[in-house]
Amino acid sequence: MAINLQKGQRENINAPKFTIGLGWDVNNTSTGGAFDLDASLFLLNDSKKLVSDNHFIFYNNLESPDKAVIHSGDNLTGDGDGDDEQIKIDLTKIDVAVQEITVVVTIHDADARRQNFGQVRNSFIRIFNTETNEEILKYELDEDFSIETAVEFGRIYNRNGEWKFEAVGSGQRDGLDKFVSMYQ
């Protein structure tokens, strides 16, 4: 049975192969333009910096050099139920330099489209065992990010050989560029 996390909670993953599912819906009272939310992962070393530029996983770089992290691709609309984007992670293949994986969702062209996370609802991140499809944990964003265009949903980190997930739920206004500059 999955554990529903609150902001700041941590939980062991206990699965060497798992999938991160991200989902969201758009409010009907939005700007009228299409929303394109993008999931990105930053594979960080113990100094909280990208292991290399190729360890930034997003719609233009769908897999890590070691093939341990594979992104399903960009969902341009978020339509439908369930996961809008998925990322498969195989910890048995992951580069030993990777000590943390930060999961960020941003709104593509948010400023030009006058969009923010206040216009997005039912946002969640979930982790499930890739081999059994058993959901391990889920974190639903319940805050109203009325001016934010990027949200760090959570982070997966290695602590003494165990991989854990922390529900972060931290938004900011400067989009993906802010996260890229923080982790380079």
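Bear in mind that the values in this text are calculations on the coordinates, not laboratory data. Model, not experiment: these values are computed from the prediction. Quick reminder, even Gly has a Cβ in these numbers, built from the backbone with ideal geometry, and neighbours come from all protein chains shown.
Specify whether the C-alpha gyration tensor of region 85-184 places it in the rounded, prolate or oblate class, a ≥ b ≥ c being the square roots of the eigenvalues: rounded for a/c under 1.5, otherwise prolate if a/b is larger than b/c and oblate if not. It comes out prolate by the Cα gyration axes. Cα-based radius of gyration for the chain, normalised by 2.2 N^0.38 Å, reads 0.96.
Once the C-beta distance of E162 and R114 is scaled by a Förster radius of 35 Å, the resulting FRET efficiency is 0.25 to the nearest 0.05. Among L44, L62, L91, which one moves the most in a GNM of the chain with springs linking Cα atoms closer than 10 Å? Among L44, L62, L91, the largest GNM mean-square fluctuation belongs to L91. Residue separation of M182 and I147 scaled by 0.36 nm, minus their Cα-Cα distance, works out to 10.6 nm of gained length. The relative contact order of the chain, computed from alpha carbon pairs under 8 Å that lie at least 6 residues apart in sequence, is 31 percent. Within the chain, the longest segment free of exposed loop sites, counting GluC sites (Glu not before Pro) that fall outside DSSP classes H, G, I, E and B and have at most 14 other Cβ atoms within 10 Å, spans 1-130. Other residues with beta-carbon under 9 Å from the beta-carbon of E166 carry, at +1 per Lys or Arg and -1 per Asp or Glu, a net charge of +2.
Remark: the chain carries a charge dipole of roughly 460 debye about the Cα centre, counting +1 on each Lys and Arg Cβ and -1 on each Asp and Glu Cβ. Around H55, under 14 Å between beta carbons, what's the net of Lys plus Arg minus Asp minus Glu among the other residues? Computed value for this residue: -2.
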